[in-house]
Amino acid sequence: MAVKQFEDLEVWQEARRLTQAIYRLTKAEKFMKDFALRDQVQRAAVSVMSNIAEGFERGGNQEFIQFLYVAKASCGEVRSQIYVALDQGYMSRTDSEDSIIDFRRLSGMIGNLINYLRRSGMKGAKFSASRKSD
């Protein structure tokens, strides 16, 4: 299947799923009371899917790759915040370990997409449109 919009990307679909999981986890009573951490981990999770979408919509692979790196970094941010939540007793060890594994896997998926785009030689949609002759 050809990718025509960011919603077609498996990596974006996974980022969306994991963002939903973070929102579910942060609804726990103890977690909800720590407004700063709750908001920060939610923003970091949203950042992953948003940067994938924004980079795709830029239409050029170099820009897309830059945004994918930001999304990958946000995966690390989420993982770090999960450790804080675990240390504060806001999450169970099982939930935190599962979330860390999920975000590591997503980070790997993003890294694989970056590598694919670098090797592909494609420049992106904005470069494939035929240019009018003057």
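General observations
- In the list (1) 1.08; (2) 1.21; (3) 1.03, the label attached to Cα Rg over 2.2 N^0.38 Å as derived from the coordinates here is (2).
- Of Ser107, Ser50, Ser92, the one that fluctuates the most in a GNM where the chain has Cα springs shorter than 10 Å: Ser92
- Going from the residue with the fewest nearby Cβ atoms within 10 Å to the one with the most, Glu63, Glu57, Glu29 rank Glu29, Glu57, Glu63.
- In a reduced charge model with +1 at each Lys and Arg Cβ and -1 at each Asp and Glu Cβ, the chain shows a dipole moment near 340 debye about its Cα centre.
- Gain upon complete extension [Gln5, Glu97; 0.36 nm per residue less C-alpha separation]: 29.9 nm
- Taking label positions 7 Å along the Cα-Cβ direction at both Gln13 and Glu54, the computed distance is 2.5 nm, reported to one decimal.
- Exposure proxy order (Cβ contacts within 10 Å, fewest to most) of Tyr90, Tyr23: Tyr23, Tyr90
- The modelled label-to-label distance for the pair Lys27/Ser80, using points 7 Å beyond Cα in the direction of Cβ, is 2.8 nm.
- Summing +1 for each Lys or Arg and -1 for each Asp or Glu among the other residues whose beta-carbon sits under 13 angstrom from that of Leu106 gives +1.
- Charge tally for Gln5 (other residues, Cβ to Cβ under 14 Å; Lys, Arg +1; Asp, Glu -1): -2.
- Mean-square fluctuations from a GNM of the chain, with a 10 angstrom spring cutoff on Cα atoms, peak among Val84, Val11, Val41 at Val84.
- C-alpha long axis of helix 93-120 to longest principal axis of the chain, angle in °: 10
- Coupling constants for region 19-27 follow from the phi torsions by the Karplus curve (6.51 cos²θ - 1.76 cosθ + 1.60, θ = phi - 60°), and in residue order they are 5, 4, 5, 4, 4, 5, 5, 7, 7 Hz; glycine and proline get x.
- When the chain is treated as a Gaussian network with alpha carbon springs shorter than 10 Å, the biggest mean-square fluctuation among Asn51, Asn61, Asn115 belongs to Asn115.
FYI, it's all coordinate maths here, none of it is from the lab. Everything numeric here is computed off the predicted structure, so don't read it as measured data. Cβ atoms come from the backbone with ideal geometry, glycine included; neighbour counts cover every protein chain shown.
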